[in-house]
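The values are calculated or read from the model by the stated rules, or taken from the named source; none is laboratory data. Everything quoted here is computed from the prediction, not taken from an experiment. Note: ideal-geometry Cβ built from the backbone for every residue, glycine included; neighbour counts use all protein chains shown.
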Amino acid sequence: MKRFAVRLLSMTLALLIASNSFAEEKIKALILDGQNNHNWKVTTPILKKILEDTGKFSVEVATAPAKGPEVATFRPKFSNYQVVVSNYNGQDWSKETQNDLVEFVKNGGGFVPVHAANNAFPAWAEYNEIIGIGGWGGRSEKSGPYVRLKDGKFVNDMTPGKGGSHGKQHEFVVVTRNTEHPITKGLPAEWLHNTDELYDRLRGPAKNLTVLATAYADPKTGGSGEHEPMLMVLDYGKGRIFHTTLGHAEPAMKCIGFEVTFARGTEWAATGKVTLNTIPANFPKADKVSIR
């Protein structure tokens, strides 16, 4: 009887250890920064904290050297991670690093460009396919179409014009356009986002692109007069991309709406699923901002 009890205890302990080991297994995420026309030294820690606070992620940061020849030495091991978050907008990487990222995504890695990361690398064709649409850097109709909402459907618009602009920073309403995607499922139809740059007139290859949410770029604030894509997803090879144009600075990133969509989108890019299903009680309302 005593021997049986000892054996039962050993089996129970083994199961508990195995269970705890499984529970502690986290999504490996890498954030890229080091160059940006936005304050990455402030925003990267916020992005890292958002992910870590979910309990789902183990997050590391790879910081590129300042602008100059040393950028050629920047070569993170993307394959060590399940998802890469880009908070980078700066000098071109080496061809080797570019190829590494393309292969990482093509082979199933997740990628999450945040805000100005869609300004980066205008001449890098594969990067522009990965992000879908982007802005600035000389982008134009040669880069691809605008993505416009017409009669309830998203269409590609090849009207000539610049790629990338925004009006003055302000609060604006984000409209959920896809209510069935795991990233936006359960979110309010509309929610008021805290002060941010509302990117408009983005353009690019726009292949396999699904718009999840938009915001109206009101001409009164310097906008395009169009319902512009804010949250998007697309595939590249076996990889999944969640593209958020939100997140100019600390006020925008401290919006609960940004936190929820960024965390959900990063989990989806990494795994193809969203287990962060609970919508917090303090999620923004259509007429009320909510910040941490």
Of everything in the stretch 143-196 that's within 23 Å of LYS207 (Cβ to Cβ) and among the small types (Gly, Ala, Ser), which residue is surrounded by the fewest Cβ atoms within 10 Å (Cβ to Cβ)? GLY152
So which residues in the stretch 207-225 are more than 17 Å from GLU190 (Cβ to Cβ) and either touching a Lys or Arg at 6+ places or on another chain (Cβ under 7 Å) or buried (at least 24 other Cβ atoms within 10 Å of the Cβ) (or both)? THR221, GLY222, SER224
Select from the stretch 76-95 the residues that are touching a helix residue (DSSP H, G or I) at 6+ places or on another chain (Cβ under 9 Å) and surrounded by fewer than 15 Cβ atoms within 10 Å (Cβ to Cβ) and list them in ascending order. LYS77, SER79, SER94
Among the strands (runs of 3 or more DSSP E) contained in the stretch 208-262, which hold 3 or more residues that are within 19 Å of ASN89 (Cβ to Cβ) and modelled with pLDDT of 95 or more? 227-236, 239-244
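Here's the yes/no breakdown for (1) on the phi < 0 side of the Ramachandran plot; (2) in contact (Cβ under 8 Å) with a residue 12 or more places away in the chain; (3) in a loop (DSSP other than H, G, I, E, B):
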{"site": "GLU126", "(1), (2), (3)": "yes, yes, no"}
{"site": "GLY138", "(1), (2), (3)": "no, yes, yes"}
{"site": "VAL147", "(1), (2), (3)": "yes, yes, no"}
{"site": "PHE154", "(1), (2), (3)": "yes, yes, no"}
{"site": "THR179", "(1), (2), (3)": "yes, no, yes"}
{"site": "TRP191", "(1), (2), (3)": "yes, yes, no"}
{"site": "ASN194", "(1), (2), (3)": "yes, yes, no"}
